[in-house]
Amino acid sequence: MNARGRSRSQGRHIGRRTVLGAGVVGAGAVVAWKVFGDSEESFATPPERQRAWTYAMDGAAAGVSRLTVSGGSLYVTARGPLSVHAVSTESGRKRWVAEVTGGKQGDATLGPVTVAGTTVYAVAEGGHVNAFADADGSRRWASEPLGGGPPAAPVVIGSTVCVLMRAETTADEAGGTRTLVEGVLCGLDADSGRVKWRAGGDRLLLADRSRGRLIAQARDGDGLSALDADTGERRWSLPKQDSVALGPKLLYATGTGTADELTAYDLSTGERRWKSPAPPKESANAPGAWLTVSADGRTVHACDGGTGAVYAYDATTGDRRWRITVDSPVTPEAASGGAASGGAASGGAALFLASSDGFRAAHSVGSGFQNPFSGGGRKPGGYVTARAASDGRQLWRTESDDCTSAPAAAGSAVLVAHTSQVWAYDARTGTARWRVTGEPGAGDVPLVGDGRLYVVTDAGIGAVRV
């Protein structure tokens, strides 16, 4: 798990060379950074893979927003009207469609859905939480409006649905920030939607389920707190952190300010266990290094957005195992975690990086962006590369065009979005194997589940087997 202590989208400058995504095969985690670079070589376009199915919903007009896979179903949130579509991942057939109450129809933001047991939870901007039966989409309850800004994905811990409505800020004339919308953090009863507790919220919500706690920037975003999920009571707190990642027993964080330090804290007590030098920042005001923890919990990776430094640490002791520098400056753009199996590059585990020579929004459906791969081969502006997870050495590098997503490791393939297409690269050799027309959902990382890749198209949602 990983998260930012604050938003990077406000006032952020995207540099010309930026690390956006990395994936680990063997260790099982997927890390998301993007590297911007140059090249004068040309590349060939791989064949297009036939879709297994298409779920028609007029994607551009419906405002397809988020995609989630769970238990043999794909859940799609959309605007116009605000709704959740449940689709069979096997056949692409509609299971049910449910309208989300609350929020401003056609304009409000819908966060990713969360599936827990037999219930699907969806939240609309303004704090309207809806609970649907997964069997048929019937509404079980809808909460009172909680307030706040754009929603994060709900977190279900025990009998409590924890909801974060992010704060919204803007720069003021004095060089500081001004709050436009106060953030809200609430715990709701999972059976009824009744509000059990309420606190100020900011931009961070992680689950420590083994201890029944939330890790959140709460209490007006003044610091990092561990809260009892059932009561909202604070168990311990830390100063405000920039980047945070959770392991099985420890929390890893880079603080704000001038100190280039990575610190590990005990999740039970909040006590510091170790401290190690972090990748240096480009400036005192720059965000700290992005953090991810491998699925086996043994390694912490840190990538700084300004200097291009990537470090790997022993998660238990904090000892640095290796460090490399990629094309700089680098700006972490997204992250994704999850299991990756098979397709390991030589030497076992591999870390994948995607690169581009300029920033392009991943959501270009109907936006007028030209497909960079139309017309066959052309001069590339980025690359996809694999680094050995053991020591950071380069295993392979394949030139490509602009990469507009973090890589996703899926079996023997590494999936990367290139504006309006997703390409599959061989995880062992880096050879481009196939491509599909479409884009990832709002998470900007190709979504894979139940052996399929899901993409957003003008027609709706497409699925291809991987």
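The values are calculated or read from the model by the stated rules, or taken from the named source; none is laboratory data. Just so you know, these numbers come straight off a predicted model, no measurement behind them. Glycine gets a Cβ as well: all are built from the backbone with ideal geometry, and neighbour counts include every protein chain shown. Surface areas here come from the heavy atoms of the whole protein model, side chains and all, with no ligands, DNA or RNA. Shrake-Rupley method; radii C 1.70, N 1.55, O 1.52, S 1.80 Å.
Have a look at ARG213, ARG198 and point out the one that is more than 25 Å from TYR252 (Cα to Cα) and modelled with pLDDT of 85 or more.
Testing whether each residue is more than 25 Å from TYR252 (Cα to Cα) and modelled with pLDDT of 85 or more leaves just ARG198.
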Against the condition in a strand (DSSP E or B), open to solvent by 20 Å² or more (accessible area, probe 1.4 Å) and touching a strand residue (DSSP E or B) at 6+ places or on another chain (Cβ under 9 Å), how does TYR252 come out, does it pass? no
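Yes or no, residue by residue, for (1) of a type in the set (A, V, I, L, M, F, W, C); (2) in a loop (DSSP other than H, G, I, E, B); (3) at pLDDT 85 or above:
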residue: HIS13; (1), (2), (3): no, yes, no
residue: ARG51; (1), (2), (3): no, yes, yes
residue: THR54; (1), (2), (3): no, no, yes
residue: VAL87; (1), (2), (3): yes, no, yes
residue: VAL97; (1), (2), (3): yes, no, yes
residue: GLY102; (1), (2), (3): no, yes, no
residue: TYR121; (1), (2), (3): no, no, yes
Just give me the residues in segment 409-440 being more than 17 Å from TYR383 (Cα to Cα), assigned to a loop (DSSP other than H, G, I, E, B) and open to solvent by 10 Å² or more (accessible area, probe 1.4 Å), in sequence order. GLY411, SER412
Within segment 446-466, track down each residue that is touching a Leu at 6+ places or on another chain (Cβ under 9 Å) and open to solvent by 20 Å² or more (accessible area, probe 1.4 Å). LEU447, VAL448, ASP450, ARG465, VAL466
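Just checking, how many residues over segment 153-169 are outside any strand (DSSP E or B) and either of a type in the set (Lys, Arg) or surrounded by fewer than 22 Cβ atoms within 10 Å (Cβ to Cβ) (or both)? Let's see the steps before the verdict.
Let us first name the residues in segment 153-169 that are outside any strand (DSSP E or B), namely 153-154, 158-159, 166-167.
Remaining after also requiring either of a type in the set (Lys, Arg) or surrounded by fewer than 22 Cβ atoms within 10 Å (Cβ to Cβ) (or both): 153, 158-159, 166.
Matching residues across segment 153-169 total 4.
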Can THR231 be described as at pLDDT 90 or above, surrounded by fewer than 17 Cβ atoms within 10 Å (Cβ to Cβ), among the β-branched types (Val, Ile, Thr) and over 22 Å from the mean Cα position of the chain (by Cα)? yes
Give me the pairs: first residue in segment 346-357 and closer than 7 Å to ALA386 by Cα, second residue open to solvent by 10 Å² or more (accessible area, probe 1.4 Å) and modelled with pLDDT of 75 or more, beta-carbon distance under 8 Å, and six or more apart or on different chains, which are they? ALA350/ARG387; ALA350/ALA389; ALA350/LEU395; LEU351/ARG387; LEU351/ALA389; PHE352/ARG387; PHE352/ALA409; LEU353/ARG387
Name every residue in segment 68-102 that is β-branched (Val, Ile, Thr), surrounded by 22 or more Cβ atoms within 10 Å (Cβ to Cβ) and under 16 Å from THR118 (Cα atoms), in order of residue number. THR68, VAL84, VAL87
Within segment 234-248, can you find the residues that are touching a residue at least 40 places away in the same chain (Cβ under 8 Å) and surrounded by fewer than 23 Cβ atoms within 10 Å (Cβ to Cβ)? LYS240, ASP242, LEU246, GLY247, PRO248
Options ALA135, ALA131: the member that is of a type in the set (Gly, Ala, Ser), over 16 Å from VAL69 (Cβ atoms) and assigned to a loop (DSSP other than H, G, I, E, B): ALA135
Which residues, taken from segment 272-326, are in contact (Cβ under 8 Å) with a residue 40 or more places away in the chain and among the aliphatic types (A, V, I, L, M)? ALA289, LEU291, VAL293, ALA295, VAL300, ALA302, VAL310, ALA312, ALA315, ILE324, VAL326
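Just checking, how many residues over segment 164-195 are β-branched (Val, Ile, Thr), at pLDDT 75 or above and closer than 21 Å to ASP242 by Cα?
Summing the residues that are β-branched (Val, Ile, Thr), at pLDDT 75 or above and closer than 21 Å to ASP242 by Cα in segment 164-195 gives 1.
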